[in-house]
Each structure stands twice: as structure tokens, then as C-alpha cells.
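The values are calculated or read from the model by the stated rules, or taken from the named source; none is laboratory data. Predicted model, so just to flag it, every value in this text is computed and none were measured. Heads up, the Cβs are rebuilt from the backbone with ideal geometry, glycines too, and the neighbour counts pull from every protein chain shown.
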Amino acid sequence: MGQKLDQISRLAEQFSDLPAEVVVKEDLLRGGISFTEDALRIASGCKPKAYFIFSFDLVPISELQQGENLRAPEEICLTGGVRNFRRTIVSVRLNPSSPYRVEVSQDGKLVLIVEGEELCEVELQPVPEYYRRRLSNGKPLTDIAPTIEWGYLLYLTVFRICQYFGKKEECQFCDINENYRQQKKTGRSYTAVKSVDEVLEALEIIADTDSHSRAYTVTGGSITSQVDGKREIDFYRQYPEAIERRFPGRWIGKVVVQALPADEVKLFKDAGVQIYHPNYEVWDPRLFQIICAGKDRFVGRDTWIQRIVDAAEIFGPSHVIPNFVAGIEMAQPFGFKTPEEAVASTREGLEFFMSQEIVPRFTTWCPEGISLLGKSNPGGASLDYHLQLLRAWRETLEKYHLPPPPGYGSPGIGNAVFSVSSFMDVIRPPEAVRSQREVSGASGEASEHLN
Ligand code: SF4
């Protein structure tokens with residue numbers, strides 16, 4: 001057995017309380033995937049990667065020798081195979097030197113191979129009708145309103161640039177500005193500032209042709225001065241306002257912007273937004289200062305956290321879902337040295353928020369080759385770390401008897417569609433949590449250690 005296969009088997013056993021599929025999913029998200037030419041030929045006829053906000057690739061486009069940036073799928077679905085995988089949706093993060101490769105098997109199926117062994121079959125999402133359409137100004141719909149999460153979420157990055165510029169301000173894991181530059185260089189239609197009219201026209205087409213999408217996210221880079229003469233709150237709220245006016249309640253509206261003062265957050269609520277994501281990225285105060293220097297200087301960590309708590313008064317705690325980027329707290333030279341220390345720190349943040357019924361979610365760190373942290377830490381965080389974190393996240397959720405976060409579709413392995421981390425895949429049905437409590441002898445209050 002090769003090294004990678006050996007590691008997968010060992011960790012699947014060590015974390016047998018987690019679904020075995022997430023061992024592979026997290027490894028694909030942290031280290032990327034490659035495709036053979038034949039597999040890319042098949043993938044070219046399926047829903048393509050739209051570069052919906054960041055590159056989410058481990059190498060720059062200039063190093064993708066097979067034109068993968070134009071041919072690879074947005075997501076893959078792991079299923080079946082000798083390990084009998086339940087459906088698991090994984091975002092595609094390109095890395096030509098990944099040990100994981102999608103190939104075409106002898107009987108013509110797409111399969112996931114590692115070290116010469118077939119792990120499972122791979123399914124791709126067909127191209128939705130709206131992906132073939134253009135707006136009246138000629139722009140492809142995929143530029144204005146791509147979908148992810150197997151078609152569940154419309155991803156509206158309405159401002160593709162961040163006003164935190166350069167090494168001293170940009171979050172160090174983030175490649176939004178550099179990705180914008182590389183996409184423009186390739187000639188892809190990649191609109192920096194989307195107009196409200198463009199967004200509405202794209203949604204009109206989707207509303208007419210699609211029945212799978214359930215939610216939309218309005219997001220983009222931070223605005224520290226103005227865009228189109230508008231401050232951050234006024235720029236971003238015009239989109240949900242217009243969407244809700246034109247399509248009231250058609251989708252669950254979400255916004256991902258900075259942690260804003262309560263009076264501004266209320267304007268999102270008034271516009272019809274249902275879920276607010278003020279992402280705190282990393283919990284540790286020292287690391288927040290280093291990794292999110294712009295946010296630290298313009299807003300400050302304590303204010304950021306207080307604003308998350310204040311937002312819960314406006315939206316209700318379950319509808320404030322701050323994201324963190326899982327793994328950046330292990331980035332060297334300044335990060336934690338062991339997965340245990342890193343997870344202990346992040347668990348503190350989970351405790352802080354979940355004890356107030358606010359459920360943070362996370363994305364698995366992709367060490368993009370064009371981001372500062374990706375360049376200095378191409379290996380990202382260890383697989384062991386990511387599995388420990390999933391366990392800590394679920395334990396804390398269950399400890400506080402909290403429901404799955406809203407706006408992500410059905411939870412649990414085989415059902416979840418959230419593709420950039422496995423937090424939705426590891427959620428257990430209430431019966432399983434109850435019987436686990438009985439087995440561990442916990443009564444009344446939940447045990448600290450439910451796994
Ligand atoms: S605030 Fe940070 S994470 Fe958000 S877009 Fe700007 S640099 Fe990226």
C-alpha cells in the first residue's frame with residue numbers, strides 16, 4: 001500500500017466516528033486534484049469551474065498545462081466504488097501534482113485514483129440550461145451568477161476586488177485581487193463591479209429555467225472607502241433590496257461582508273436578507289492581527305467579535321454564521337506548531353460563539369499558489385488537523401444542542417451539498433446523537449466528549 005493510501009486508511013480508523021468519505025474530501029480540499037486528458041474531455045461537457053470568487057487552485061493558471069481552468073468541473077461527486085462511498089460533493093481545487101487523479105476507467109466511467117488504486121466513482125453535474133445563456137450586453141451568465149453546492153447556491157460576487165490592498169492589508173490567505181488579475185489576463189469575462197441590472201437579468205433567466213437553486217449569496221471584497229460613490233453597506237445592500245423586490249422570498253438571501261455596526265446590519269435585515277456572514281477567519285488574537293492585518297487595523301478584533309454578537313440580536317443567533325478559514329492558524333512561521341494546539345485555539349472560538357447559539361462554519365483552507373500564505377505554506381494544514389477540527393466542531397454543536405446551520409440544504413453524509421468543507425457532511429441525525437449520549441452514559445446536560 002502506498003503512503004497516501006496508508007494514511008487514508010489509518011486516519012479513517014482513528015476517526016471512525018466521522019464518515020470515512022470526509023477523510024478523502026478534506027484531503028482533496030487541502031491538497032487539490034488533477035485530471036487526465038480523457039477525464040477533462042468528459043468534464044468539458046459538464047458544469048465548469050466558474051472561479052466564483054477566489055482561484056481555489058493550488059497553482060496559478062499559468063501552470064495549468066492542460067487548460068484545466070477552462071475545462072475542469074466546479075465540483076465532483078464521490079460515490080460508490082469498492083468503499084461504497086455515499087454521495088459526497090467536493091469543490092475542485094486544481095493541482096497537477098496532487099496524488100489524487102480523476103481518470104476514465106476501462107468501462108468508460110470517471111473514477112478517483114490514488115497511487116494506482118481506485119477509491120470511488122466520480123459523477124459530474126450536467127450543465128444547467130442557464131449556464132448556456134448570455135445577458136443582453138453579451139456577458140455570459142456564468143460571470144454574473146454562477147452556482148455552487150451542486151446548484152443550490154447562486155454566488156453573486158458583485159465586487160471582485162478588495163480594498164485591502166497589498167501585503168500589509170490583504171488577508172494573507174486570500175487571493176481575490178491576484179485572482180482577478182489572472183482571470184482578466186486569460187481573457188475570461190470577469191466583471192469587477194456587477195450592476196444591479198445585470199444581476200437581476202441573470203436571476204430572471206435562472207428563475208425561468210431552474211428549480212434547484214435555493215439560496216443566493218451577495219458578497220465581494222471589503223470596501224474601506226467607496227465603490228460607485230457608495231460605502232460598503234450602501235453598495236452591498238442595493239443587491240438584496242432589488243432581488244427581494246423583484247423575487248420576494250424566491251431564495252434564501254445571504255450576505256458575506258465585514259462585521260458592520262448594528263445600525264448598518266439592520267439595513268440588510270430590512271432589505272430581506274435572512275443570513276449574515278461576518279467572517280472572523282481566525283480566532284487567535286495574535287494570529288488575527290498578523291493574518292488579517294487590514295481588518296485588524298480598520299475594525300479591530302474585539303470590535304469585530306462584538307459586532308457578530310450584536311448582529312445576533314438583529315437576525316437571531318442561528319442566522320448569524322461567521323466563517324473561519326480552517327487551517328490558517330497552522331501557517332508557518334507564526335502559526336501553531338501542532339494540530340492539537342491549533343484545534344484547541346479554534347475550539348475556544350467555537351465555544352464562545354456556540355454557547356451564544358451562534359454557529360460558525362468553516363471553509364477548508366486552500367493554500368492557493370498566488371496567495372501570500374499559499375506561497376509560503378504550499379502544504380496547507382495537515383489532514384489530521386482537519387479531521388480533529390471536524391470532530392471539535394461537531395462536539396461543540398452537539399454539546400449545545402444546536403440545529404444544523406440554515407441555508408445549506410440537508411445535513412448529513414450522503415445529503416450534504418456544501419462543497420468547500422465537510423461540516424455539513426459530519427452532522428448526525430438527532431437519533432444518532434441521542435443513542436450516542438446513552439452509550440456514553442451522559443444524561444441531562446450533554447457530555448463534553450460525544451464522539
Ligand atoms: S477582507 Fe480579506 S478575505 Fe475578504 S476579500 Fe479582502 S483580503 Fe480577501
- request: Go over the candidates Glu178, Glu232, Glu198, Glu170 one by one and state the one that is modelled with pLDDT of 95 or more and surrounded by fewer than 20 Cβ atoms within 10 Å (Cβ to Cβ).
  value: Glu178
query: Before we move on, is Lys194 within 16 Å of the ligand (Cβ to nearest atom) and more than 21 Å from the chain's Cα centre (by Cα)?
result: yes
statement: Only unsatisfied item for Val199, checking (1) more than 16 Å from Tyr236 (Cβ to Cβ); (2) hydrophobic (A, V, I, L, M, F, W, C); (3) assigned to a helix (DSSP H, G or I), is (1)
- prompt: Residue check: is Pro285 within 18 Å of Phe423 (Cα to Cα) and more than 20 Å from the chain's Cα centre (by Cα)?
  reply: no
query: Taking segment 274-326 on its own, how many of its residues are touching a strand residue (DSSP E or B) at 6+ places or on another chain (Cβ under 6 Å) and more than 22 Å from Glu341 (Cα to Cα)?
result: 11
message: List the residue pairs whose Cβ atoms are under 6 Å apart, where the first residue sits in segment 46-67 and is under 16 Å from Tyr180 (Cβ atoms) and at pLDDT 95 or above, the second is of a type in the set (Ser, Thr, Tyr) and crowded, with 21+ Cβ neighbours inside 10 Å, and the two are 6 or more positions apart or on different chains.
response: Ala50/Thr142; Ile53/Thr157
task: Can you give me the number of residues within segment 60-97 that are buried (at least 20 other Cβ atoms within 10 Å of the Cβ) and under 18 Å from Asn377 (Cα atoms)?
output: 3
- prompt: How do the helices (runs of 4 or more DSSP H) wholly within segment 371-451 filter down when requiring 1 or more residues that are surrounded by fewer than 17 Cβ atoms within 10 Å (Cβ to Cβ) and at pLDDT 95 or above: which remain?
  reply: 372-376
message: For the list (1) under 21 Å from Phe165 (Cα atoms); (2) charged (D, E, K, R); (3) in contact with a Pro (Cβ under 7 Å, 6 or more places away or on another chain), I need the number of the one condition that Asp210 fails.
response: (1)
- prompt: When only residues in segment 174-184 that are free of Cβ contacts under 8 Å to residues at least 60 places away in the same chain and under 17 Å from Lys49 (Cβ atoms) count, which is nearest to the ligand (Cβ to nearest atom)?
  reply: Tyr180
query: Residues of segment 204-229 being more than 16 Å from the ligand (Cβ to nearest atom), of a type in the set (Gly, Ala, Ser) and under 23 Å from Phe418 (Cα atoms), which ones?
result: Ala207, Ser211, Ser213, Ala215
task: Out of the residues in segment 209-229 that are closer than 20 Å to Gln125 by Cα and touching a residue at least 60 places away in the same chain (Cβ under 8 Å), state the one that is surrounded by the most Cβ atoms within 10 Å (Cβ to Cβ).
output: Tyr216
query: Can you name every residue in segment 6-34 that is part of a helix (DSSP H, G or I) and either basic (Lys, Arg) or more than 23 Å from Asn377 (Cα to Cα) (or both)?
result: Asp6, Ser9, Arg10, Ala12, Glu13, Gln14, Ala20, Glu21, Lys25, Arg30
statement: Residues of segment 212-229 being within 17 Å of Pro248 (Cα to Cα) and either aromatic (Phe, Trp, Tyr) or not in a loop (DSSP other than H, G, I, E, B) (or both), in sequence order, are Ala215, Tyr216, Thr217, Val218
Residue list for segment 124-173, restricted to those being hydrophobic (A, V, I, L, M, F, W, C) and either under 30 Å from Ile290 (Cβ atoms) or within 16 Å of the ligand (Cβ to nearest atom) (or both): Ile148, Leu156, Val158, Phe159, Ile161, Cys162, Phe165, Cys171, Phe173
message: Against the definition (among the hydrophobic types (A, V, I, L, M, F, W, C), under 27 Å from Arg71 (Cβ atoms), at pLDDT 95 or above and surrounded by fewer than 20 Cβ atoms within 10 Å (Cβ to Cβ)), how does Ala192 come out, yes or no?
response: yes
message: Report every pair of residues separated by at least 6 positions or lying on different chains whose Cβ atoms are under 8 Å apart, first residue within segment 329-342 and surrounded by fewer than 22 Cβ atoms within 10 Å (Cβ to Cβ), second outside any helix (DSSP H, G or I).
response: Gln332/Asn377; Phe336/Asp284; Pro339/Ala381; Pro339/Ser382
